[in-house]
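Here the structure is laid out as structure tokens; the discussion comes afterwards.
The values are calculated or read from the model by the stated rules, or taken from the named source; none is laboratory data. In this text, all values refer to a predicted model and were calculated from it rather than measured experimentally. Every residue, glycine among them, receives a Cβ derived from its backbone with ideal geometry; neighbour counts consider all protein chains shown.
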Amino acid sequence: MDGAVLAWNGTSNSLEHFVSGFIALSGSDSWDIEDVEPLIAYLETLQAPKTIEQLDPEAVGRGRAIFFDSCIGCHQGFRGSSIESFSFEDIGTDDQMKYIMDPELDGQVINGLDAEVSHGIKAPRLSGVWSKTRLLHNGSVDSLEELFCLEAERNDDTPIFGNQGHEYGCELSVDDREDIISFLKSI
């Protein structure tokens, strides 16, 4: 998983580095990376769930074409993740999460963690995204239909937990948005 771009901000480049962040955050001196090797081995066996829904192959194909035309610029990494981090402004969402690892925004990571500071977010892997009930970096969107503006209007601007942002695709026709969702359910 080298180059995995893990964590919500994409600053962990391996599973070991990602898990070591939890060890550092625990504040315990009694844990080290060898203690969590079984967890890492288990995580490496996990795979995204396969959809059990019968999907229209033509809708999936149309959605794939739309995705590669409209979305691949940001979702060009492993299984649809990004290969870079994006600013909160670019995504159009609340920027309060940029303070989590660096509360003073001075480049000094809390608790002496071995982490980069990006002050941004990354696009997560999209394989199995259809099964998630919490989308966006803060879990404020409940479904792909809501993400693509096919359900209730997204206008909650509650700091940190608001559901605004990532309105990419919402300007497409309803049929195109449904096709992209079909494609995303197929991966």
Quiz item: Applying the selection to region 65-79, what residues are under 21 Å from Glu171 (Cα atoms) and within 12 Å of the chain's Cα centre (by Cα)?
Solution: Cys74, His75
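The rows are residues; the columns are (1) of a type in the set (A, V, I, L, M); (2) more than 23 Å from Ile100 (Cβ to Cβ).
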{"position": "Phe18", "(1), (2)": "no, no"}
{"position": "Ala24", "(1), (2)": "yes, no"}
{"position": "Ser30", "(1), (2)": "no, yes"}
{"position": "Leu46", "(1), (2)": "yes, yes"}
{"position": "Pro49", "(1), (2)": "no, yes"}
{"position": "Asp56", "(1), (2)": "no, yes"}
{"position": "Ala59", "(1), (2)": "yes, yes"}
{"position": "Phe68", "(1), (2)": "no, yes"}
{"position": "Gly77", "(1), (2)": "no, no"}
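Matching residues to (1) touching a helix residue (DSSP H, G or I) at 6+ places or on another chain (Cβ under 8 Å); (2) in contact (Cβ under 8 Å) with a residue 40 or more places away in the chain; (3) on the phi > 0 side of the Ramachandran plot:
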residue	(1), (2), (3)
Glu84	no, yes, no
Arg125	yes, yes, no
Asn155	no, no, no
Pro159	yes, yes, no
Practice problem: Have a look at Ile121, Ile181 and point out the one that is under 13 Å from the mean Cα position of the chain (by Cα), closer than 29 Å to Lys50 by Cβ, buried (at least 18 other Cβ atoms within 10 Å of the Cβ) and in contact (Cβ under 8 Å) with a residue 60 or more places away in the chain. | Solution: Ile121
Quiz item: Restricting the search to region 81-96, which residues are part of a loop (DSSP other than H, G, I, E, B), of a type in the set (S, T, N, Q) and surrounded by fewer than 16 Cβ atoms within 10 Å (Cβ to Cβ)?
Solution: Ser87
Quiz item: Mind checking whether some residue in region 69-86 is at pLDDT 90 or above, under 20 Å from Arg125 (Cα atoms) and of a type in the set (Ser, Thr, Tyr)?
Solution: yes
Practice problem: Mind listing just one residue for me: the one in region 59-80 that is surrounded by 12 or more Cβ atoms within 10 Å (Cβ to Cβ) and among the β-branched types (Val, Ile, Thr) and, of those, nearest to Thr133 (Cα to Cα)? | Solution: Val60
Exercise. Give me the pairs, please: first residue somewhere in region 33-58 and exposed (fewer than 11 other Cβ atoms within 10 Å of the Cβ), second residue anywhere and modelled with pLDDT under 85, beta-carbon distance under 8 Å, and either six or more positions apart or on two chains.
Key: Glu44/Met1; Glu44/Leu15
